[in-house]
């Protein structure tokens, strides 16, 4: 029976699916897609870089190999539309798990979930990172349930960890979250030796063994124990922190970061006004990931899915204290048939409107690709049957890998961990900025073609060089050849 409350919930998730349906615009998507194709066609997982001219054969920790295989498999089955729809469903499912953890269903819970979703919107897309977000949500659901009612069902987490470590290096989030819940359980038990007694009757001991099993599961991946250190190498990369936008701290002067500010401040205000004590576990998670989100915009989604249930619980406490719980309670009388029929009509109309919006996004992918990436310039190179090494803008490397590999090898792409801080600073940027000795890297790696933005310092320098000839140009890209 489609009551008004159920209609509201259905509208929430239809809206979330429509909101999360996005055209593919992530520069790294393209090399992820090519890597999945490479793995499936060669039946091997690369441990050395196969794509660049500058770091060919250099150690590459393919920590997202399984996600890349899945990306290419979905693409092979249904092209870009299938990928767009699959990841919209995946993100929507993530917030369905968040909703399941919220108090005050459906109205208060929906408010908290919607605010959290809008705060994370800047990171949505067809990205392996979204798989980490989903699995973080799964871990939080399982651990919240365990904290209220300890059971052997918590042993499902090592299995999820086995999958996670092969999908994305964000698996470390799962380890951290389990450790926080274990610490909270030990504190509640008084941090005594008995609390961690080596038997399965103790909830703390049970979670301790789950944590150990999760750590052992991390080893089951093509890169072995290397995966333990990989997340920390990424976090400590100076070049990634300095040049990759999503690693920057959120700029609250920009509109897209305002929902995060509202979520952060709203959660703290609701907790203060509700006068409700927050558990040690929630305090550590909220404080730790709140700090992480303020340090790097990439961490906002993790904070959001942690904060939303805490916000909903505090708001529901305020509503209940004010006597508003009766207003939000489900009616005890059966809804009239006419109202139920009207609800179905409303839902059908909303689904129809949402489907139209989704169809527009899917059919707009080609236009977005050509607007965000040098598609016309690459078409020109393909028509010229160019083969060799190319110097390219950083954000275009992945697209060139997808369109031109193996005939052409890129100078650099979004795999900053492969190239390293020294290469980015002292080789790539030295040439891009047309600084002292800018020609040396081009000569060292036998670069015959340069593909960069028209406004790049290197483009201005090449325009003055007799040895280099401009063979293509548009508002987006220029190509020089020697």
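The values are calculated or read from the model by the stated rules, or taken from the named source; none is laboratory data. Just so we're clear, the structure is a prediction, and the values are computed from it rather than from any experiment. Using ideal geometry, Cβ is built from the backbone for each residue, glycine included, and neighbour counts are taken over all protein chains shown.
Here are some residues: 100, 112, 76. Which one is at pLDDT 95 or above, surrounded by fewer than 21 Cβ atoms within 10 Å (Cβ to Cβ), farther than 21 Å from residue 167 by Cα and more than 19 Å from the chain's Cα centre (by Cα)? First the steps, then the outcome.
Details: 112 fails: surrounded by fewer than 21 Cβ atoms within 10 Å (Cβ to Cβ); 76 fails: farther than 21 Å from residue 167 by Cα.
From the options 100, 112, 76, the qualifying one is 100.
Within the bounds of region 118-134, is there any residue that is at pLDDT 95 or above, over 13 Å from the mean Cα position of the chain (by Cα), surrounded by fewer than 20 Cβ atoms within 10 Å (Cβ to Cβ) and more than 28 Å from residue 218 (Cα to Cα)?
yes
Please tell me if residue 293 is part of a helix (DSSP H, G or I), within 20 Å of the chain's Cα centre (by Cα) and surrounded by 19 or more Cβ atoms within 10 Å (Cβ to Cβ).
Details: part of a helix (DSSP H, G or I): yes; within 20 Å of the chain's Cα centre (by Cα): yes; surrounded by 19 or more Cβ atoms within 10 Å (Cβ to Cβ): yes.
Judged against the criteria, residue 293 is a match.
Looking only at helices (runs of 4 or more DSSP H) that fall completely inside region 300-419, which ones have 3 or more residues that are surrounded by 16 or more Cβ atoms within 10 Å (Cβ to Cβ)? Break it down into steps so the answer makes sense when it comes.
On the way: elements: 300-321, 325-328, 337-363, 365-372, 375-383, 397-404.
Ranges flagged: 300-321, 337-363, 365-372, 375-383, 397-404.
When you scan region 446-470, how many residues do you find that are under 20 Å from residue 384 (Cβ atoms), in contact with a strand residue (DSSP E or B) (Cβ under 6 Å, 6 or more places away or on another chain) and in contact (Cβ under 8 Å) with a residue 24 or more places away in the chain?
Looking only at that region, the number is 7.
Can we say residue 141 is at pLDDT 95 or above, more than 23 Å from residue 293 (Cβ to Cβ), assigned by TED's automatic domain parsing to the domain that holds residue 232 and in contact with a helix residue (DSSP H, G or I) (Cβ under 8 Å, 6 or more places away or on another chain)? Give the steps one after another, and end with the answer.
Numbers: at pLDDT 95 or above: yes; more than 23 Å from residue 293 (Cβ to Cβ): no; assigned by TED's automatic domain parsing to the domain that holds residue 232: yes; in contact with a helix residue (DSSP H, G or I) (Cβ under 8 Å, 6 or more places away or on another chain): yes.
So residue 141 fails the test.
Within region 43-53, does at least one residue satisfy the condition of being in a helix (DSSP H, G or I), over 19 Å from residue 25 (Cβ atoms) and more than 17 Å from the chain's Cα centre (by Cα)?
Checking region 43-53: not a single residue is in a helix (DSSP H, G or I), over 19 Å from residue 25 (Cβ atoms) and more than 17 Å from the chain's Cα centre (by Cα).
Could you grab me the full set of residues in region 245-270 that are crowded, with 18+ Cβ neighbours inside 10 Å and modelled with pLDDT under 90?
247
Spot the failing condition for residue 339; the list is (1) in contact with a helix residue (DSSP H, G or I) (Cβ under 8 Å, 6 or more places away or on another chain); (2) at pLDDT 95 or above; (3) under 24 Å from residue 15 (Cα atoms), and only one is missed.
With (1) in contact with a helix residue (DSSP H, G or I) (Cβ under 8 Å, 6 or more places away or on another chain); (2) at pLDDT 95 or above; (3) under 24 Å from residue 15 (Cα atoms) applied to residue 339, the lone miss is (2).
Would it be correct to say that residue 273 is surrounded by fewer than 20 Cβ atoms within 10 Å (Cβ to Cβ), part of a helix (DSSP H, G or I) and modelled with pLDDT under 95?
On the way: surrounded by fewer than 20 Cβ atoms within 10 Å (Cβ to Cβ): yes; part of a helix (DSSP H, G or I): yes; modelled with pLDDT under 95: yes.
So residue 273 fits the description; yes.
Any residue that is within 29 Å of the chain's Cα centre (by Cα) and not in a strand (DSSP E or B) - is there at least one of those in region 436-449? Steps first, answer last, please.
Looking only at region 436-449, we keep the residues that are within 29 Å of the chain's Cα centre (by Cα), and these are none.
No, there is no match, as no residue in region 436-449 is within 29 Å of the chain's Cα centre (by Cα) and not in a strand (DSSP E or B).
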